[in-house]
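Asks: The following block contains the structure, expressed as structure tokens.
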Amino acid sequence: MEHSVTSLEGFLNSDEVYDIPIAIDLDATDFGGNPSYQKRLSLFAKKYYSNADAEDPLKLYRKILANTDSPIELIEIGYPQVLTALLQSKPDDISELDGVELLKNKVSKIWMMAGKWDKNPKKENNFARNRRSRVAANIFCDICPVPITFLGWEVGASVITGGNLDKNDPLYLLLCDHGSSDGRSSWDPMLCLLALIGDEEKAGYSVVHGKGSVDATTGENCFVSNPNGLHAYVVKEKEDSYYADAINKLI
């Protein structure tokens, strides 16, 4: 989207978080949308003036992983095509390792908001948005060599946060721009909080282990349970208010 990079930098700057490198997949023009909140955020941008100023995401990922001394964790709240490109990447001047080996050596876990894993599975946006995301999700689930914990659509849809913010808070104004002045479903904040706590049970979830997969044509996901599987999805063990209160206190 036109203001993707400037709005992200603006968001970071508005919270006084500076010097975080930003990258963007310039080919990903087929996801749609022109949210008005991005224009408001772009007013806070100081370093980036357009999407063209950002780094290449594949190179940024490879640099981060190649230069880390101990395994790190990744948080993925969007479409999976960049992570899939990382997995499919070849050795280069950044690292002699290919993408699969780079993740295997440098990433201990991936926390991912994607899929719908309850008893009534259906298409979920991050996997099924378009052909690009569907194919990427299929490959990602198939070849990723490290553990993945998924937080699915069913977990965050009914947890509403943000409606308690001060009316002058920039985040509240963004929610108003989005049409969500009373709050919004909390998929991404729940995933981030879960990753920051770093333990599914301590965060208020039970875990189902196994192997997830995504149909490259339809984007529908399915899951085969296996106690030794690399994949897992979380199930809420608390009332919605438990998770909402935790997020609202932080934001």
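Asks: What number of residues within the stretch 142-175 are among the hydrophobic types (A, V, I, L, M, F, W, C) and over 15 Å from the mean Cα position of the chain (by Cα)? If you could, list the steps in order and put the result at the bottom.
Replies: Our first condition is that a residue be among the hydrophobic types (A, V, I, L, M, F, W, C); within the stretch 142-175, this holds for 143-144, 146, 148, 150-151, 153, 155, 157, 159-160, 165, 171, 173-175.
Now narrow it down to the ones that are over 15 Å from the mean Cα position of the chain (by Cα): 143-144, 146, 157, 159-160, 165, 171, 173-175.
Selection size over the stretch 142-175: 11.
Asks: Next question, about the same structure. Just name the residue that is farthest from the chain's Cα centre (by Cα) out of those in the stretch 39-52 that are within 20 Å of Ser181 (Cβ to Cβ) and surrounded by 16 or more Cβ atoms within 10 Å (Cβ to Cβ).
Replies: Arg40
Asks: In the stretch 196-251, how many residues are among the small types (Gly, Ala, Ser), touching a Leu at 6+ places or on another chain (Cβ under 8 Å) and over 14 Å from Val155 (Cβ atoms)?
Replies: Final tally of qualifying residues: 0.
Asks: Could you please find all residues in the stretch 139-163 being in contact with a Gly (Cβ under 8 Å, 6 or more places away or on another chain), surrounded by 15 or more Cβ atoms within 10 Å (Cβ to Cβ) and either among the basic types (Lys, Arg) or not in a helix (DSSP H, G or I) (or both)? Can you show your working first?
Replies: Filtering the stretch 139-163 for residues in contact with a Gly (Cβ under 8 Å, 6 or more places away or on another chain) gives 141, 148, 150, 152-153, 160-163.
After this cut, where a residue has to be surrounded by 15 or more Cβ atoms within 10 Å (Cβ to Cβ) as well, the list is 141, 148, 150, 152-153, 160-162.
Selection gives Ile148, Phe150, Gly152, Ile160, Thr161, Gly162.
Asks: Among the residues of the stretch 202-222, count how many are part of a loop (DSSP other than H, G, I, E, B), over 20 Å from the mean Cα position of the chain (by Cα) and in contact (Cβ under 8 Å) with a residue 24 or more places away in the chain.
Replies: Number satisfying all stated conditions: 2.
Asks: Of all residues in the stretch 233-245, how many are part of a strand (DSSP E or B) and farther than 13 Å from Ala114 by Cβ?
Replies: 2
Asks: Has the stretch 176-190 got any residue that is over 20 Å from the mean Cα position of the chain (by Cα) and in contact (Cβ under 8 Å) with a residue 60 or more places away in the chain? Before the answer, list the steps.
Replies: Filtering the stretch 176-190 for residues over 20 Å from the mean Cα position of the chain (by Cα) gives 176-177, 179-182.
Of the ones still in play, those that are also in contact (Cβ under 8 Å) with a residue 60 or more places away in the chain are 177.
Yes, the stretch 176-190 contains a residue that is over 20 Å from the mean Cα position of the chain (by Cα) and in contact (Cβ under 8 Å) with a residue 60 or more places away in the chain.
Asks: Moving on to the next point. Would you pick out the residues in the stretch 26-38 that are touching a residue at least 60 places away in the same chain (Cβ under 8 Å), of a type outside the set (A, V, I, L, M) and surrounded by 12 or more Cβ atoms within 10 Å (Cβ to Cβ)?
Replies: Hits for the stretch 26-38 are Phe31, Pro35, Ser36, Tyr37.
Asks: Something else now. Listed residues Asp169, Asp245; which is among the acidic types (Asp, Glu), surrounded by fewer than 18 Cβ atoms within 10 Å (Cβ to Cβ), modelled with pLDDT under 95 and closer than 22 Å to Asp15 by Cβ?
Replies: Details: Asp245 fails: modelled with pLDDT under 95.
None of the others qualify; the one that does is Asp169.
Asks: One residue is enough: does the stretch 220-235 have a residue meeting the conditions at pLDDT 95 or above and on the phi > 0 side of the Ramachandran plot?
Replies: Checking the stretch 220-235: not a single residue is at pLDDT 95 or above and on the phi > 0 side of the Ramachandran plot.
Asks: While we're looking at this one, here's another question. If the requirement is being under 17 Å from Val146 (Cα atoms), touching a Gly at 6+ places or on another chain (Cβ under 9 Å) and among the aliphatic types (A, V, I, L, M), which of these qualifies: Leu97, Leu86, Leu103, Leu74?
Replies: Sole residue among the options that is under 17 Å from Val146 (Cα atoms), touching a Gly at 6+ places or on another chain (Cβ under 9 Å) and among the aliphatic types (A, V, I, L, M): Leu86.
Asks: Further question: Run down Cys176, Cys192 and say which single residue is over 26 Å from Asn120 (Cα atoms), in the same structural domain as Leu102 (by TED's automatic domain parsing) and not in a strand (DSSP E or B).
Replies: Just a single option satisfies the conditions, and that option is Cys176.
Asks: Among the residues of the stretch 223-232, what is the count of those that are assigned to a strand (DSSP E or B), under 17 Å from Leu151 (Cβ atoms) and among the hydrophobic types (A, V, I, L, M, F, W, C)? Walk me through it before giving the result.
Replies: First, the residues of the stretch 223-232 that are assigned to a strand (DSSP E or B): 223-225, 231-232.
If we keep only those that are under 17 Å from Leu151 (Cβ atoms) too, we end up with 223, 231-232.
Still in the running and among the hydrophobic types (A, V, I, L, M, F, W, C): 223, 232.
Residues that pass the stated criteria total 2.
Asks: To continue, here is another question. Is it the case that the stretch 8-23 has a residue that's surrounded by 15 or more Cβ atoms within 10 Å (Cβ to Cβ) and in contact with a strand residue (DSSP E or B) (Cβ under 8 Å, 6 or more places away or on another chain)?
Replies: Yes, there is a match, as at least one residue in the stretch 8-23 is surrounded by 15 or more Cβ atoms within 10 Å (Cβ to Cβ) and in contact with a strand residue (DSSP E or B) (Cβ under 8 Å, 6 or more places away or on another chain).
Asks: Which of the residues that make up the stretch 223-242 are surrounded by 14 or more Cβ atoms within 10 Å (Cβ to Cβ) and free of Cβ contacts under 8 Å to residues at least 24 places away in the same chain?
Replies: Matches in the stretch 223-242: Gly229 only.
The values are calculated or read from the model by the stated rules, or taken from the named source; none is laboratory data. Please read these numbers as outputs of a predicted model, since none were measured by experiment. Methodologically, a virtual Cβ is constructed for each residue, glycine included, from the backbone with ideal geometry; neighbour enumeration extends over all protein chains shown.
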